[in-house]
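Just below is one structure, and these are the notes that go with it.
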Amino acid sequence: MMARILLIGTAYPFRGGLAAFNERMARAFQQAGHEVMIYTFTVQYPSFLFPGKTQFADGPPPADLQIQRKVHALNPLNWIRVGMHLKRLSPDLIIVKYWLPFMAPCFGTLLRLARLNKHSRIVCVLDNVIPHEQHFLDTVLTQYFLQPVDAFIAMSQQVWNDLRRFTNKPARLVPHPVYDVYGKPVSRDEACQKLGLDSNLRYVLFFGFIRAYKGLDLLLEAFADPRIREKPELRLIVAGEFYENREKYLQLIDAGKLHDRVILRNDFIPDEEVKYYFCAADVVVQPYRSATQSGISQIAYHFGKPMIVTRVGGLPEIVPHGQAGLVCDPHAHALAEAIAQFFSMDISSIVQFVQMEKKRFSWEYFTEAILSLAGINEPDEVQQVKQV
C-alpha cells in the first residue's frame, strides 16, 4: 500500500544535521514506493537567536525531493493557516521531528488542527524530550507538543525514559540510522591530501557544532595531559562552527601550549567535505557532558571509524565499550586515559565490529518502524523492532 506522507521540519534551504536527517528519511520512504512531501520553514529561528554564521545551505535544492517552504516558526497566524491546510490535505501520515521546546507552540498548534481530519496519523521522531540546555518553560511546552501526536520513535533509552515521564502513548525504541549521505569512504592518504594533513601523523576528530554540553573543553584539557603529550604524533582536528564564544577554547589551547597539536577548522563543513575529515581520522571522539543520541556516531559508523565516547545518555548504547570503541567518564583525565589506551591497542577487531554493526542501523529498518506504528503497510509478519 502506497501512503501519502508529509514530513514537517528542517530541510533545504536550511542546512545541518536536522535537514540531512529529514531529507534522508524522505528518500527512504520514496525508495519504498511512498509519495513524500516535506514542509520546511519560511522562518526557523530569528537571526539573532541563531548562534552560527548562517542557517542556509549553499548550492541548488535536491532534485529528487519535493520540498515546500510553508512553516513560520514564530507566526501563530501561519500555524493556523498551515494546520487548516493539513486538515484539508489529509495525508495518510504526518511525521515531525522534535528537538527543542522552542518549536512546541508551532508544531503543537498545527498538528492539533491537522488531526481534525480524523484520518492523518501523526508520528514524532524524538531527538530530545528534555533539551540539553534547559529552561523553566520546557515541561509546559513539551506537554503542549506531545498531546496531539499519536505515536513516537525514541532513538535512545534516555529519550524513551524521558518520554515515559510525559505519556504512555505508543512508542518504539529504534536506533538512529547511519548517516550515509556524505559519500563513500576514500583512502586515508587521499583524505589527508585533500585536507592538507600529514598522513604520517595520527588524528583524533571532534566533529560538529561547538556548544558547552559537547565538552570540547574537556578534550582540549585531555590533550594537555602528560599521557597525550608523550605521543608527539597525535593531533586533534576540531571541525565545526562555534555556537558560543570561542575565546575560552582558544585560552585552553594557549594554556596547554597546544598550538602545534590542535587543528582548527571552524567554518561549517560542507556535505561534500565531511568524508575527508572522517576518513583522515584514526578515531572520532565525543567528549559530551550530556547526550541523548548522536548523529556524529552514525557518520562514524558509515565511514567505519572507531569512537571514544563519554558515559552519558545514549552514547554507550550505540558505541559498546571494547567493541565499537571505548567509553569513559566525562572528565579530562578519563578522556586522556581512553585516548592513550586507544593508540596503544590493536584496533583491528574494533574496526571489524564497526563495519558489521552499521548494518543494524539501516533506514529501511527505521522507516518500517514508523509505518508499523502508524498502522500503514504493515506486513503479515512484522519484524520485532530491535531495541538498543
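Values quoted throughout were computed directly from the atomic coordinates according to the rules given, and no laboratory measurement underlies them. These numbers were taken from a predicted model, which means no experiment stands behind them. Every residue, glycine as well, gets a Cβ built from its backbone with ideal geometry; the counts of neighbours run over all protein chains shown.
For region 176-264, state the semi-axes of the equivalent ellipsoid (square roots of 5 times the eigenvalues of the alpha-carbon gyration tensor), sorted largest first and rounded to whole angstrom.
On the way: eigenvalues 108, 73, 26 Å².
Here the semi-axes work out to 23, 19, 11 Å.
Once the piece of chain linking Leu74 and Glu233 is laid out straight, how much longer is it, given 0.36 nm per residue of separation minus the C-alpha distance between them? Before the final figure, lay out each step's value.
On the way: separation 159, 0.36 × 159 = 57.24 nm, distance 4.96 nm.
Gain on stretching Leu74 to Glu233: 52.3 nm.
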What percentages, rounded to whole numbers, describe P(r) for region 188-360 computed over all alpha carbon pairs with 5 Å bin width beginning at zero?
1, 9, 19, 23, 23, 17, 6, 1, 0
With a 10 Å Cβ neighbour count serving as the proxy for reagent exposure, in which order, fewest first, do Phe366, Phe102 appear?
Phe102, Phe366
Can you put Leu77, Leu258, Leu315, Leu163 in order, fewest other beta carbons within 10 Å first?
Leu77, Leu258, Leu163, Leu315
Obtain the nm distance between the two label points defined at Ile263 and Arg246 by a simple spin-label model: each point lies 7 Å from its Cα along the Cα-to-C-beta direction.
1.7 nm
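Per DSSP H run of at least 4 residues, take -39500 (n - 2.57); add these up for the chain, divide by its residues and hand me the 222 nm value, nearest 500 deg cm²/dmol.
Details: 15 runs with 141 residues, N = 388.
About -10500 deg cm²/dmol.
Suppose the chain between Val181 and Phe136 were pulled fully straight at 0.36 nm per residue; how much longer would it get relative to their current alpha carbon spacing? Kindly include the intermediate steps, with their values, before the conclusion.
Working: separation 45, 0.36 × 45 = 16.20 nm, distance 3.65 nm.
This chain segment gains 12.5 nm when fully extended.
Can you sort Leu74, Leu110, Leu218 by how many other beta carbons sit within 10 Å, fewest first? All intermediate terms of the calculation are to be shown ahead of the outcome.
Details: Leu74 16, Leu110 27, Leu218 22.
Listing Leu74, Leu110, Leu218 from fewest to most nearby Cβ atoms yields Leu74, Leu218, Leu110.
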Distance in nm between Val43 and Phe166 label points, each 7 Å along Cα→Cβ, equals 2.4 nm
Percent of Cα-Cα pairs more than 37 Å apart in the chain, please.
21 percent
Hey, with R₀ at 45 Å, roughly what FRET efficiency would Glu272 and Lys118 work out to, going by the Cβ-Cβ distance, to 0.05?
0.50
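About its Cα centre, what dipole magnitude does the chain give when the only charges are +1 on Lys and Arg Cβ and -1 on Asp and Glu Cβ, stated in debye to the nearest 20?
Details: 42 positive and 39 negative charges, 219 e Å.
That gives the chain a dipole magnitude of about 1060 debye.
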